[in-house]
1. At a 1.4 Å probe radius, which order do 285, 446 fall into by accessible area, largest first?
2. Relative to the present Cα-Cα distance, how much length would full extension add between residue 216 and residue 110 at 0.36 nm per residue of separation?
3. Could you tell me how many degrees, from 0 to 90 and to the nearest 10, lie between the Cα long axis of helix 467-479 and the main elongation axis, the longest principal axis, of the Cα atoms of the chain?
4. Quick one: accessible area per residue over segment 60-186, 1.4 Å probe, rounded to a whole number of Å²?
5. How big is the accessible area of residue 861 in square angstrom, nearest 10, if you roll a 1.4 angstrom probe over the protein chains?
6. When mean projected area of the Cα convex hull in nm² is calculated directly from the model, which label among [x] 50.6; [y] 63.4; [z] 54.2 fits?
7. Using a 7 Å offset from Cα along Cα-Cβ at residue 898, what residues in segment 840-858 end up with backbone N under 16 Å from the label point?
8. Starting from the Cα-Cα distance between residue 31 and residue 609, subtract it from 0.36 nm times their residue separation and give me the gain in nm to one decimal.
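The values are calculated or read from the model by the stated rules, or taken from the named source; none is laboratory data. All values reported here derive from a predicted model rather than from experimental measurement. Virtual Cβ from ideal backbone geometry, glycine too; neighbours counted across all protein chains shown. These accessible areas exclude ligands, DNA and RNA; they are computed on the full protein's heavy atoms, side chains included. Shrake-Rupley method; radii C 1.70, N 1.55, O 1.52, S 1.80 Å.
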Amino acid sequence: MNQCPVHFIQHGKLVRKQSRKLRVGDIVMVKEDETFPCDLIFLSSNRGDGTCHVTTASLDGESSHKTHYAVQDTKGFHTEEDIGGLHATIECEQPQPDLYKFVGRINVYSDLNDPVVRPLGSENLLLRGATLKNTEKIFGVAIYTGMETKMALNYQSKSQKRSAVEKSMNAFLIVYLCILISKALINTVLKYVWQSEPFRDEPWYNQKTESERQRNLFLRAFTDFLAFMVLFNYIIPVSMYVTVEMQKFLGSYFITWDEDMFDEETGEGPLVNTSDLNEELGQVEYIFTDKTGTLTENNMEFKECCIEGHVYVPHVICNGQVLPESSGIDMIDSSPSVNGREREELFFRALCLCHTVQVKDNDSVDGPRKSPDGGASCVYISSSPDEVALVEGVQRLGFTYLRLKDNYMELLNRENHVERFELLEILSFDSVRRRMSVIVKSATGEIYLFCKGADSSIFPRVIEGKVDQIRARVERNAVEGLRTLCVAYKRLIQEEYEGICKLLQAAKVALQDREKKLAEAYEQIEKDLILLGATAVEDRLQEKAADTIEALQKAGIKVWVLTGDKMETAAATCYACKLFRRNTQLLELTTKRIEEQSLHDVLFELSKTVLRHSGSLTRDNFSGLSADMQDYGLIIDGAALSLIMKPREDGSSSNYRELFLEICRSCSAVLCCRMAPLQKAQIVKLIKFSKEHPITLAVGDGANDVSMILEAHVGIGVIGKEGRQAARNSDYAIPKFKHLKKMLLVHGHFYYIRISELVQYFFYKNVCFIFPQFLYQFFCGFSQQTLYDTAYLTLYNISFTSLPILLYSLMEQHIGIDVLKRDPTLYRDVAKNALLRWRVFIYWTLLGLFDALVFFFGAYFMFENTTVTSNGQIFGNWTFGTLVFTVMVFTVTLKLALDTHYWTWINHFVIWGSLLFYVVFSLLWGGVIWPFLNYQRMYYVFIQMLSSGPAWLAIVLLVTISLLPDVLKKVLCRQLWPTATERVQTKSQCLSVEQSTIFMLSQTSSSLSF
């Protein structure tokens, strides 16, 4: 980035330098499709109106075009010479990370006159990392460079996410480290106890030298302790971590390759940004999802408008006639009066004028866009899809917005006459006011203020109009899940407008508290309005969103919706996607209710309501699917959440959070509306660090969802229409919300089953491996003599037992994919880290100890009674160790074969191939005198062992005895205490046997008839 070439203006000429040489005050030229090298104040562009289009996808994920405006007094400077002759000073705030806030002013000097002071805001600031679009070139002055740019100040390192399985692995490893140290200490102590007997320390054939006798006792003991640590260190499964990483990396490709999760419409498939959390997908207890663009399509369609109580529905057919250019109006009720007709046209003009939509006369515009029906060559560009939908909708009703040229907005009315309005002021939209306004001047000299915004921000400022009828229609549309906006206006006389100009100018040029002063000015201006009507825009629910949420709830997962929409619209969407049901009793924790009662009273009232039934609520009822029980749904807004999160005046830390959490736990679903991005992250963090420490998952599609995606244990980005910021910051990305069902219920389930078996199996086989070595020390005078040959010690975890468990952890399917999708309740069998709990870990460890005892003492007693081969030779210690090792390799491999439910040719090849490889290796290792070895202790040992009948009997008998307890445990548990998964497995096996029997009978009958 620092080496990129940048065009500077020096002495009226264009100079090319590296971007690292940029300094504050340098004037830079940027061309179309280039990225801004630093934060710039926009001086001028090649466009006559002094505007440019910018995309900020790399900053906030928004791929839509944003319009920025040049300084009024410099927008006419189009050449390098003009820019080089500019004399001005800029005053601005210190660098701030907020991308959407900037406060400054520019003093432009011309000749000897006093400087012209112009305010500078975010609309004049071009941010580093943004890209210039649909504008040939711009000139700007560097205001923040290097690490002071807003992009640099927003650098945020992702926190390291660790799965529950990884935490369990580390805990188990500490236990085995303690076992290792204990073994070494016990053997060290017993060695010196055993050597305290006369002649045991110095047998006649191994006398010590004088220097050895005088050696410090503690030093000798410490050396022996370290020797035992080295001897037993194989109990620590270091290779397990390597295998786990391989399993996670290779296993992540199964998500990427899943054709069911590929979206044909967008041509997108799932993405895996990290493989460390695969198994965490099988442990999710809470899902936090955005609404717009995640549950819905974020594809706005104008449905209707209500003017003076009359409802207008755009349609292609009117009175049975197809209207030209596919525009038309269906009147729901009676036609308006003459006065109403004027209000109707004023309403349509308001929608054509009160927006920030840009028109591009080019079909090749890149980025999200909409083509008006009235002209195929016109393209509407806006940062808000709602605005495009409104402009398109009003076009179908007869009024077409044409363009903004030389500060004049042009529109085409129903009579095909062009109307021109001078744009005087724009009172920009913000999330606090939840409205925007424009002040325009008509060709006849009349000055209008048009205002549109949320109903809650418009109705209190209205003094005239049919408020009750419009309010009823707005509430009805909100209940149906439509996004509603209200439109109002007022006429201004010249004196009023001049007062407004002075008020706005004073607020705009202020360097201190500019936002506060602007808000106060807007509050004074946007009052005493006349209500015109309301609009309704539909954002359709995504395909299978309702089925997905229903399946997730059946799986025992609680789903919360976090959105910035109004409560009524969000609640309607929740009903549509089956988050709330008909029998769900909604509990409200909203600002309106808190104003009527205190927060303390509201919380305690809600807690009494929900906790009345808490005794009968179980985990099975959390999904709210039982018709016999009262199902609760909670609705909370952002302001109420702020009060809950705010510390009490007495300084207590608990606040109302615990009470709030208790209420949430008793609700089957929670809807959080009017949420700021930071509040979404606060909600996730609140649940994440509650006393149960549940596994959380956040899913969203926009830049405003990034904070909660980063906060949750697992973050999933939906590759939607709001850019790729969410997908880039997530752990996984999916094309549609419906794909979440298979990702969790199938992939997550499989990942957890596979890796939990891998972890337990590694600890088990290492106990089987090293405990006989520990027992052997009691029979060799604690001399640190190894039971196994060096080659066996090295290759046990690398070659003999590594591939079978790796392939198992990649391919095992204990239940069919269709069954998992059809029965989401099976997800609960693996919830809360069920297969890596201490009880299961202790069982695997005890099983390993039992098997090790069988290996060692079974071989020991056989050698005690059968010490001579058929040719009279006596078995030695290497033969004994090889027999123990052979039984162990066969046992641990066959144990994995017993646990395998999904057999493929690859499993057969790897399992039986590993056993064959061990036999072939042992025959070669002991059948050849290897010249590079300084010892030949294993020569002919394996062959000699296999030539003995008792050795064969011992191998078969000991392997059978070792596997017997695990087989008995499986059979008894399946018969007496079967889990849901085991019942499904048994049913599938019976069905398979039944189908095979029917097939065989049919074949037999057909042959008999023949």
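1. Values: 285 20, 446 80 Å².
Solvent-accessible surface, decreasing: 446, 285.
2. Values: separation 106, 0.36 × 106 = 38.16 nm, distance 9.38 nm.
Here the answer is 28.8 nm.
3. 20
4. Numbers: 6090 Å² over 127 residues.
So segment 60-186 comes to 48 Å² accessible per residue, rounded to a whole number.
5. Surface accessible to solvent at residue 861 totals approximately 110 Å².
6. Of the listed options [x] 50.6; [y] 63.4; [z] 54.2, [y] comes from this structure.
7. Of the residues in segment 840-858, 843-855 have backbone N under 16 Å from the label point off residue 898.
8. Numbers: separation 578, 0.36 × 578 = 208.08 nm, distance 6.26 nm.
Gain on extension, residue 31 to residue 609, equals 201.8 nm.
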